[in-house]
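The values are calculated or read from the model by the stated rules, or taken from the named source; none is laboratory data. Values in this document were obtained by computation on a predicted structure and should not be read as measured data. Heads up, the Cβs are rebuilt from the backbone with ideal geometry, glycines too, and the neighbour counts pull from every protein chain shown. Surface accessibility is based on the protein's heavy atoms, side chains included, excluding ligands, DNA and RNA. Shrake-Rupley method; radii C 1.70, N 1.55, O 1.52, S 1.80 Å.
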Amino acid sequence: MANNFYLSLSLTLLFTLTVTVTVTVTVTESSKFMDDVKPSIPLVSFLERLQQTAFDTFNDSKFDPKTYVDLPLKFPLSVTDQAFQNLPKSSTGSVSVHDLKLFIDKYFEGAGDDLVYFHPEDFVPEPEGFLPKVKNREVRAWAVKVHSLWKNLSRKVSSEVKTHPSYHTLLPVPGSVIIPGSRFREVYYWDSYWVIRGLLASKMYKTAKSIVINLISFIDEYGFVLNGARTYYTNRSQPPLLSAMIYEIYSRTGDVELVKRSLPALLKEYEFWNSDIHKVTVSDAQGCTHTLNRYNARWNKPRPESSTMDKASASKFSTVSEKQHFYRQLASAAESGWDFSTRWMRHPPNFTTLSTTSVIPVDLNAFLLGMELNIAFFANVTGDNSTAKHFLQISDVRKEALNSIFWNANKKQWFDCWLSNATSEKVHVWDTLHQNQNVFASNFVPLWMKPFYSDATLVTNVLESLKTSGLLHAAGVATSLTNSGQQWDFPNGWAPLQHMLVEGLVKSGLEEARSLAEEIAIRWITTNYIVYKKTGVMHEKFDVEKCGEFGGGGEYVPQTGFGWSNGVVLAFLEEFGWPEDRNIKC
């Protein structure tokens, strides 16, 4: 998330553990807030009914609800729906396994069949200048295999999607994509940043650019980058890293035309993230007003891709309004990318206490600081000096807000803040704001941004805090210290979090910080390698307590492929290499 603008950081105030604030959001859940929720399209509503029937019929412990909302139709929806209604039913209303299987085979293509394999034109088995610092033959051979996975994960949207768009929940995009893998059959937003980092290490610049163009097409169509390329994802985004992707591509290629093409879309995306539903205004203990942002999906129903699970979780609530509130918290946690974690629970590990929209997250606001700096940089590249100046000014304002609201001088970390809410008819007002004192890897994400990693004193303090945080383990950085059974909690480690922390430490230029960064990278590369040797595949997440074990927990079985894991391994090997005489074993 680098840029060429140097902003000095001044930490002149000590902040207490609790900051008294007043926060006002100008829309409410009972009025305009709910009016913003988009209705489901008929195809998605039908597929949710199919999903529920399949859940009831198959009674499979490994049931994946997403499969059913990804099924392409063979015939018009009216024909398929009528055949579904005509299925023979028992006295209890259930459909037999035999009849439902026959129905699905007759009326649907397979999930993912509307994406076709595509051989990337810029893929070569071993690119010239590929990972020059990797000297160990064993590691190099594995790195070449990881590189080859881009070919396996490359897809293009089938022409059938454009011919019969009403038959598909898949959204058409103009170029080729790299999918994460397994159940994630479509392009995803924040995954794509780390996919692109790996593609750049693989010298696959055209494929990286194609991903960016696809994401920009979402902004053109919807006003923001969708969570993923499905009609059921049009109600939420994911962590805003598009500007960071473009910056990395520009840094490697000098592609000014890409910057010119991207800037209007980035300004539009920035407007989305600063719209009323995402924006909170905070007045701190010194009377200073700050504008910060939160995750807040435009949704108050079960997520279609997890409808059966969400309804089961919401069954603990008695009223429609309570269920709607809970569904919004679920979708907003999905917008954060951390689905799910005790980070969003008022009373962890109680899942029904998810209150994502009442959290002002450290990492989201760091990402938006990065977006502001990147937009300023791009505006400067294109000669738009007034826009460059404006975004530098507002990035400076956000930096001060990060210091004032999130930074804890005693703990030497940035902490999320909880909003304690009381509602009125016209406005949604929170009386006080409290820092969440629990330790999460996200507490250190601001270090990824230049205004912070360029301050040597700050980095030294954060480094000390990270070392004593309890997050560092034998196989990498843990997501949290709480073992809740959720996948974005202990003992799982995730590639994006390893990369952000490592890169922030490296870019500080401090020898001690680079040393810790390399140690984390070595541990992460090692566990990825050992798991690959044991299973033959790359995994989505890893158990940081046990070297050579992949992660688990959450609402679906562990996935393989895997886009961002591949990208981070290649990025780490590009940065640190692997000496010939260094073993790779747990």
In the range 325-339, anything open to solvent by less than 10 Å² (accessible area, probe 1.4 Å) and either in a helix (DSSP H, G or I) or of a type in the set (A, V, I, L, M, F, W, C) (or both) is listed as F326, R328, Q329, L330, A331, S332, A333, A334, E335, S336, W338
*asked:* Please determine whether any residue of the range 180-188 is part of a strand (DSSP E or B) and on the phi > 0 side of the Ramachandran plot.
replied: yes
Going through the range 253-268 in order, the residues found to be within 19 Å of E221 (Cβ to Cβ) and either at pLDDT below 95 or among the charged types (D, E, K, R) (or both) are R261, K268
Checked the range 485-512 for anything of a type in the set (A, V, I, L, M) and closer than 21 Å to L570 by Cα; matches are A495, L497, M500, L501, V502, L505, V506
If we keep only residues of the range 280-308 that are touching a helix residue (DSSP H, G or I) at 6+ places or on another chain (Cβ under 8 Å) and among the aliphatic types (A, V, I, L, M), then the residue nearest to V69 (Cα to Cα) is A297
- Message: Whether any residue in the range 223-242 is open to solvent by less than 30 Å² (accessible area, probe 1.4 Å), in contact with a Leu (Cβ under 8 Å, 6 or more places away or on another chain) and among the basic types (K, R) is what I want to check.
- Response: yes
Condition set of a type in the set (D, E, K, R) and either in a strand (DSSP E or B) or touching a Phe, Trp or Tyr at 6+ places or on another chain (Cβ under 7 Å) (or both), scope the range 340-375, selection farthest from G554 (Cα to Cα): answer is E372
query = Does L258 satisfy the criteria of being assigned to a helix (DSSP H, G or I) and either under 20 Å from the mean Cα position of the chain (by Cα) or under 23 Å from E335 (Cα atoms) (or both)?
reply = no
When restricted to F46, F33, F108, the only residue aromatic (F, W, Y) and at pLDDT below 95 is F33
Counting only residues in the range 412-435 that are closer than 20 Å to L364 by Cβ and at pLDDT 95 or above, the one surrounded by the fewest Cβ atoms within 10 Å (Cβ to Cβ) is identified as F415
G287 meets each of (1) open to solvent by 40 Å² or more (accessible area, probe 1.4 Å); (2) under 30 Å from E555 (Cβ atoms); (3) of a type outside the set (S, T, Y) with one exception, condition (2)
The helices (runs of 4 or more DSSP H) lying wholly within the range 65-107 that contain at least 1 residues that are of a type in the set (K, R) and touching a residue at least 12 places away in the same chain (Cβ under 8 Å) are 66-69, 97-107
Residues of the range 156-214 being open to solvent by less than 20 Å² (accessible area, probe 1.4 Å), more than 20 Å from G561 (Cα to Cα) and of a type in the set (V, I, T), in sequence order, are V161, T169, V173, V212
Looking at this structure, is K534 over 30 Å from S454 (Cβ atoms), open to solvent by 10 Å² or more (accessible area, probe 1.4 Å) and not in a loop (DSSP other than H, G, I, E, B)?
yes
The condition of being hydrophobic (A, V, I, L, M, F, W, C), closer than 17 Å to G337 by Cβ and open to solvent by less than 20 Å² (accessible area, probe 1.4 Å) holds, among V544, V568, only for V568
- Examine the range 221-240 for a residue that is under 26 Å from S336 (Cβ atoms) and acidic (D, E), and state whether such a residue exists. yes
For the range 39-54, pairs from a residue that is closer than 19 Å to R236 by Cβ and touching a residue at least 40 places away in the same chain (Cβ under 8 Å) to a residue that is among the aliphatic types (A, V, I, L, M) and open to solvent by less than 40 Å² (accessible area, probe 1.4 Å), with Cβ under 6 Å and 6 or more apart or across chains, are L47/V69
V124 meets each of (1) closer than 25 Å to P174 by Cα; (2) hydrophobic (A, V, I, L, M, F, W, C); (3) open to solvent by less than 30 Å² (accessible area, probe 1.4 Å) with one exception, condition (3)
Would you check if there is a residue in the range 137-160 being assigned to a helix (DSSP H, G or I) and either of a type in the set (F, W, Y) or at pLDDT below 95 (or both)? yes
